[in-house]
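Single-structure report; data block below.
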Amino acid sequence: MNDSSHSPDLRGWPDEALVQVFQQRGPHSEGAFEVLVTRHAPRIHRLAASMVGPGSADDVVQDVFIAVHSGLQNFRAEAALTTWLHRIALNACTRALKLRSSVPWESVAEPAAPHDLALSGENTDLRERLARALHTLPPDQREALALRELSGLDYAEIAEITGAELGTVKSRINRARAALRVLLTRTGVTP
């Protein structure tokens, strides 16, 4: 095997370096993109599941990474890659919700779990209650809470993604947490 056919292990590379490798359109560009997808898809999926429901989250994630693949060549890193990814994800969630506005959120089937069904069954009721409670929140609160709790973003990143002031983001998250606490307590869940 010659050196030109050897692929470097890109998994430990920072996002910025992977973006540069992708933008160079060299022999490792698709490998760099694959690492970015593997690294960020779980968070994007959690966000999508909270916004559009678990049954539609896979489609949203696919749409997000198709858009990322198309747009990454022109990404200028004026914002962090994660900020850009989450903005694309929120836009994809909004489009998905508009497309299916006539289908109730609760009726969207959750895909079969790839893990131990006995273990997942124990928390199904709790997950369903939480999903229903999240869906009752106003969209701006649900979006901010999902970005904070499910995507693990800090307040400043959420403000940048949503275009809201930092104080507004904090307020939305606090109001969403308080509303969820009330809603979950009413359904017998102790938050």
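The values are calculated or read from the model by the stated rules, or taken from the named source; none is laboratory data. Computed from a prediction, not measured in an experiment: that's the story for all the values here. Reconstructed Cβ throughout: ideal geometry from the backbone, glycine too, with neighbour counts over all protein chains shown.
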Just checking, which of Ala156, Ala89 is modelled with pLDDT of 90 or more and within 21 Å of Phe65 (Cα to Cα)?
Ala89
Here the residues within the stretch 38-77 that are among the β-branched types (Val, Ile, Thr), crowded, with 16+ Cβ neighbours inside 10 Å and free of Cβ contacts under 8 Å to residues at least 40 places away in the same chain are Val60, Val61, Val64, Val68
Is it the case that the stretch 128-140 has a residue that's modelled with pLDDT of 90 or more, within 20 Å of Val60 (Cα to Cα), among the acidic types (Asp, Glu) and in a helix (DSSP H, G or I)?
yes
Could you give me the residue pairs with C-beta distances under 9 Å whose first residue belongs to the stretch 152-180 and is without any contact (Cβ under 8 Å) to a residue 12 or more places away in the chain, whose second residue is buried (at least 19 other Cβ atoms within 10 Å of the Cβ) and of a type in the set (Ser, Thr, Tyr) wherever it lies, and which are 6+ apart or on separate chains?
none
Residue that is nearest to Glu128 (Cα to Cα), among those in the stretch 146-191 that are assigned to a helix (DSSP H, G or I) and among the polar types (S, T, N, Q)
Thr185
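I'd like to verify a number: residues in the stretch 6-49 that are part of a helix (DSSP H, G or I) and within 25 Å of Glu149 (Cβ to Cβ), how many?
Residues meeting the conditions: 15.
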